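The values are calculated or read from the model by the stated rules, or taken from the named source; none is laboratory data. Bear in mind the structure is a predicted one, so any value in this text is a computation, not a measurement. So basically every Cβ, Gly included, is an ideal-geometry build from the backbone, and we count neighbours across all protein chains shown.
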Amino acid sequence: MEDRHAKLAAVRPRLLSFARLHLRDHAAAEDAVQEALISAIEKNDSFSGRSGYETWVFGILKYKLLDQMRQQKRMGRWEPFSDETNDEAIDRMFLQDGHWHEASRPQAWGDPDQAFENEHFWQVFDACMLALPDNVARVFSLRELMGLSTEDICKEVGIKETNAWVILHRARLKLRACIEKGWLEEIA
């Protein structure tokens, strides 16, 4: 039990960062994280070990965040996204015919499972997520980290499906470039 309390304390900053991204309200993010941590402590015996402990806690937080986001929407405190139009960095990655520029081609990342167990990878990933514009990071996170369908994302954030796909594409490109710079270049 003591080990799990230490793990909760260690993951709390990442939980808080994740919650702030989605709720855009520091106090609400703190509340959601506290509720998730309390639930994790209370339901500690139900942790089966099928996933990592941190993954399980993030799963608890995910449902707390979705509830709070829906509550914000009902209370009229929801702030829809403003569209981001800065595509120049992405455009520079590709030739006119849509192929990659030689210098922008994706690098090999090795064994993905091994990368996910690497603490440095997650530090770089967190930094790269923070560097993304809020709307891009939020849509990416809802899709890839929280597992929402594109249709649900569109309902939650008030965007069209084609816009969601464009945002996800841009997020993946920007994250890949950032991670390659911050992680792959350091381990090479």
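Residue-by-condition table, conditions (1) outside the structural domain of residue 142 (by the TED database); (2) at pLDDT 80 or above; (3) of a type outside the set (Gly, Ala, Ser):
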residue: 24; (1), (2), (3): yes, no, yes
residue: 29; (1), (2), (3): yes, yes, no
residue: 32; (1), (2), (3): yes, yes, no
residue: 47; (1), (2), (3): yes, yes, yes
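A search for C-beta distances below 6 Å between a residue of segment 55-77 that is over 13 Å from residue 35 (Cα atoms) and any residue that is of a type outside the set (D, E, K, R), counting only pairs 6+ apart in sequence or on different chains, returns 56/47; 72/78. Exactly one residue out of 160, 181, 174 is at pLDDT 75 or above, out of contact with any helix residue (DSSP H, G or I) (no Cβ under 6 Å at 6 or more places or on another chain) and loosely packed, with under 15 Cβ neighbours inside 10 Å: that is 160.
Only residues that are of a type in the set (Lys, Arg) and outside any helix (DSSP H, G or I) were counted in segment 2-42, giving 1.
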